[in-house]
1. Can you tell me which residues in segment 1-13 are out of contact with any Gly (no Cβ under 8 Å at 6 or more places or on another chain) and modelled with pLDDT of 95 or more?
2. Does segment 46-57 contain at least one residue that is buried (at least 17 other Cβ atoms within 10 Å of the Cβ), within 10 Å of the chain's Cα centre (by Cα) and assigned to a helix (DSSP H, G or I)?
3. Do the conditions hold for Asn41, that is, is it under 10 Å from the mean Cα position of the chain (by Cα) and on the phi > 0 side of the Ramachandran plot?
4. I'm trying to understand the selection: among the residues of segment 67-92, which are touching a His at 6+ places or on another chain (Cβ under 9 Å) and of a type in the set (A, V, I, L, M)?
5. Tally time: how many residues in segment 58-78 are within 10 Å of the chain's Cα centre (by Cα) and within 19 Å of Arg6 (Cβ to Cβ)?
6. In the list Ser10, Ser23, which residue meets the criterion of being in a loop (DSSP other than H, G, I, E, B) and more than 25 Å from Leu89 (Cα to Cα)?
Amino acid sequence: MKSPDRDKISKMTDLPNIGKAISADLERIGLNHPKQLIGKNAYELYRQHCSRLGCKQDHCIIDVFLSAISYMEGGDSLPWWHFTKERKLYME
């Protein structure tokens with residue numbers, strides 16, 4: 001798992017768990033730089049993402065958003081599925 005220096009990250013794809021597709025999804029909702037993730041709510045990002053696309057997406061995207069936000073806020077570089085339990089508890 002990649003674990004780049006947060007202070008030097010300039011592209012979303014430099015973040016753990018973020019590839020080209022998720023980077024493009026984030027750009028579609030107005031997030032172009034990793035530092036813009038700090039303080040964001042993954043569930044709200046998911047709602048914006050689904051609204052922009054006009055259909056519901058797999059909830060695992062929330063896990064990816066949670067992982068990226070956590071990392072940018074100082075958390076460890078963890079696989080996205082580490083956040084699945086948190087998301088499921090929140091959505092109950």
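The values are calculated or read from the model by the stated rules, or taken from the named source; none is laboratory data. Bear in mind that the values here come from a model prediction, so they are computed numbers and not experimental data. Here the Cβ positions follow ideal geometry from the backbone for every residue, glycine too, while neighbour counts run over all protein chains shown.
1. Listed by number, the residues that qualify are Lys11, Met12.
2. Checking segment 46-57: at least one residue is buried (at least 17 other Cβ atoms within 10 Å of the Cβ), within 10 Å of the chain's Cα centre (by Cα) and assigned to a helix (DSSP H, G or I).
3. No: the conditions fail for Asn41.
4. Scanning segment 67-92 gives a single hit, Met91.
5. Total satisfying the criteria: 9.
6. Ser10
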